[in-house]
Every structure is written in C-alpha cells, then in structure tokens.
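What follows is one structure encoded as structure tokens, with my remarks underneath.
The values are calculated or read from the model by the stated rules, or taken from the named source; none is laboratory data. Every value quoted in this text rests on a predicted model; they were computed, and no experiment measured them. Here the Cβ positions follow ideal geometry from the backbone for every residue, glycine too, while neighbour counts run over all protein chains shown. The protein model used for the area step is the full one, side chains on, heavy atoms only, and it has no ligands, DNA or RNA in it. Shrake-Rupley method; radii C 1.70, N 1.55, O 1.52, S 1.80 Å.
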Amino acid sequence: MRADASPAGFSVPLHRSLTDPILLGGAPRSFAIFNGTLAAALGLGLQQWIAGGLLWIGGHALGVFLAKRDPHFLEVLIRHIRHKAWASC
C-alpha cells in the first residue's frame, strides 16, 4: 500500500460545485443582493434613478473586482470588522 493512497472505502468524489463560492454575475451572492437592494431603494424609493444605477454599477464592479482577487473577501471583511484590536494605539 502506498503512503498517499487511502484505504478502500475512505475516498469519495468531491464535485467542484461543492467547493466553489456562490457568485451572482461574478460578485459574491450576499454582496450582490445587498448592493442591488440598496440601489433599488435609492432608485425606486427616493426616485434618484441615476444615482441608484451608478451605485449598482459601481458596487457590482467593485464586488467583481474583489471576488477575482479573493472569492471569500466578504467573509474575511466581516471577520476583520468583528475582531477586537488587542494592540490598538
């Protein structure tokens, strides 16, 4: 038996869809939903159509850019915000 081989019955196929992050149009799903909701509230609720459209386009472009660099950037950002500073100056 090779050192890197697992015993019989202890290996399962892992599909790529189980490990890839869920993206909507290239941006993380939760970020895209939040950005679209905020843009719709600005565009429909406050009737600022151009500002809502620009917010949606800019926010989505930012989300796609950051997701290309790190698909889990939103989880990292949330964890960073919740982390207490131990050595704050």
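I need a count of the residues in region 29-42 that are without any contact (Cβ under 8 Å) to a residue 12 or more places away in the chain, over 17 Å from Glu75 (Cβ atoms) and touching a helix residue (DSSP H, G or I) at 6+ places or on another chain (Cβ under 9 Å).
Count: 1.
From Gly9, Gly58, Gly26, Gly45, which residue is surrounded by 13 or more Cβ atoms within 10 Å (Cβ to Cβ), free of Cβ contacts under 8 Å to residues at least 60 places away in the same chain and out of contact with any Gly (no Cβ under 7 Å at 6 or more places or on another chain)?
So the residue among Gly9, Gly58, Gly26, Gly45 that is surrounded by 13 or more Cβ atoms within 10 Å (Cβ to Cβ), free of Cβ contacts under 8 Å to residues at least 60 places away in the same chain and out of contact with any Gly (no Cβ under 7 Å at 6 or more places or on another chain) is Gly26.
If you take the residues in region 1-28 that are closer than 28 Å to Lys68 by Cα and small (Gly, Ala, Ser), which one is nearest to the chain's Cα centre (by Cα)?
Among those that are closer than 28 Å to Lys68 by Cα and small (Gly, Ala, Ser), it is Ala27.
Restricting to region 44-59, and then to whatever is modelled with pLDDT of 95 or more and of a type in the set (Gly, Ala, Ser), can you tell me which residue is nearest to His72 (Cα to Cα)?
Step by step, filter region 44-59, then rank; the result is Gly59.
Give the number of residues within region 29-42 that are open to solvent by less than 100 Å² (accessible area, probe 1.4 Å) and either over 17 Å from Pro71 (Cα atoms) or of a type in the set (Phe, Trp, Tyr) (or both).
Residues in region 29-42 being open to solvent by less than 100 Å² (accessible area, probe 1.4 Å) and either over 17 Å from Pro71 (Cα atoms) or of a type in the set (Phe, Trp, Tyr) (or both): 8 in total.
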